[in-house]
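The values are calculated or read from the model by the stated rules, or taken from the named source; none is laboratory data. Model, not experiment: these values are computed from the prediction. A quick note on method: Cβ atoms are made from the backbone with ideal geometry, for glycine too, and the neighbour counts reach across all protein chains shown.
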Amino acid sequence: MSLKNTRANYGTIAKWLHWGVALLFLGAYASVYFRHWFTVDDTPINWTALQLHLSFGVSVGVLVILRIIWHLRNIQPDEEPGTKMEHLAAHAGHIALYAVLIIMPLTGYLGASVDTEFFSLFVIPKFESTTLFQSVIRDGMGITYEEFEAPLDFLHKQVFGKWLAWMLVVGHILAALYHHYVKKDRTLIKMTTGGN
């Protein structure tokens, strides 16, 4: 199995980045839903769930950036047969999914009102505490953190987090299953076993 992509399959690194982002994305959602549904505010378990959500989110952001860099530096497997419209829809779906997987961690970090205790290994200061926020946004633009955070929180939770991210992820999964079970091509195989 090749580390790099080939014309036939994705390489090991692309596969690990793909499935790593998927698992971290699910971890971010599981931890935030657990926090909202099963914990009480201002309790240790609520705090732990929040910190897991923040840690998973930062990890998604980092892996997505690495995945984009890896994508740009490698050949891509040949596209499976399909109409021009199918290929355009696939590319648009991938671009939208990448955009959401960048916007979600970014708005989450910028709008977080607490430091991120990254998997209890080290602390990432909240954006409000950074020199960038204090000198450019607060002092330079005269915007308070509350004014800055409100639209980011709305985007993160209501626009992207509640519906859009899930719609794109479910669409991505359904498209992969459609290719595998209906079209019977190698789209899903290229990102899993790589067999014939």
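Give region 82-113 a look and list any residue that's under 29 Å from VAL58 (Cβ atoms) and not in a helix (DSSP H, G or I), or say none. Before you say what the answer is, go through the steps one by one.
So in region 82-113, the residues under 29 Å from VAL58 (Cβ atoms) come out as 90-113.
Those that are under 29 Å from VAL58 (Cβ atoms) and not in a helix (DSSP H, G or I): ALA112, SER113.
A single member of LEU17, LEU63, LEU23 is within 20 Å of PRO125 (Cα to Cα), at pLDDT 95 or above and not charged (D, E, K, R), and it is LEU63. Using beta carbons and a limit of 7 Å, which pairs, at least six apart or on different chains, have the first residue in region 39-68 and over 26 Å from VAL169 (Cα atoms) and the second one modelled with pLDDT of 95 or more and in a helix (DSSP H, G or I)? Sorted first by the residue in region 39-68, then by its partner, the pairs are THR39/ILE45; THR39/ASN46; THR39/ALA49; VAL40/ASN46; ASN46/ARG35. For region 70-110, what are the residues that are among the small types (Gly, Ala, Ser) and exposed (fewer than 13 other Cβ atoms within 10 Å of the Cβ)? ALA92 - this is the single residue of region 70-110 that is among the small types (Gly, Ala, Ser) and exposed (fewer than 13 other Cβ atoms within 10 Å of the Cβ). For region 30-46, the candidate set comprises residues that are buried (at least 16 other Cβ atoms within 10 Å of the Cβ) and part of a helix (DSSP H, G or I); within that set, the residue that is farthest from the chain's Cα centre (by Cα) is ASN46. When ILE13 is tested against the conditions (1) out of contact with any helix residue (DSSP H, G or I) (no Cβ under 8 Å at 6 or more places or on another chain); (2) in a helix (DSSP H, G or I); (3) farther than 23 Å from GLY108 by Cβ; (4) β-branched (Val, Ile, Thr), the lone failure is (1). What single numbered condition from (1) surrounded by 13 or more Cβ atoms within 10 Å (Cβ to Cβ); (2) free of Cβ contacts under 8 Å to residues at least 40 places away in the same chain; (3) among the hydrophobic types (A, V, I, L, M, F, W, C); (4) in contact with a strand residue (DSSP E or B) (Cβ under 6 Å, 6 or more places away or on another chain) fails to hold for PHE118? Going through (1) surrounded by 13 or more Cβ atoms within 10 Å (Cβ to Cβ); (2) free of Cβ contacts under 8 Å to residues at least 40 places away in the same chain; (3) among the hydrophobic types (A, V, I, L, M, F, W, C); (4) in contact with a strand residue (DSSP E or B) (Cβ under 6 Å, 6 or more places away or on another chain) one by one, PHE118 breaks only (2). Restricting region 122-136 to residues that are under 21 Å from the mean Cα position of the chain (by Cα) and of a type in the set (A, V, I, L, M) leaves a set whose member that is nearest to GLU149 (Cα to Cα) is ILE124. Please work out which residue is farthest from the chain's Cα centre (by Cα), limiting yourself to region 155-196 and to residues that are polar (S, T, N, Q) and in a helix (DSSP H, G or I). It comes out as THR187.
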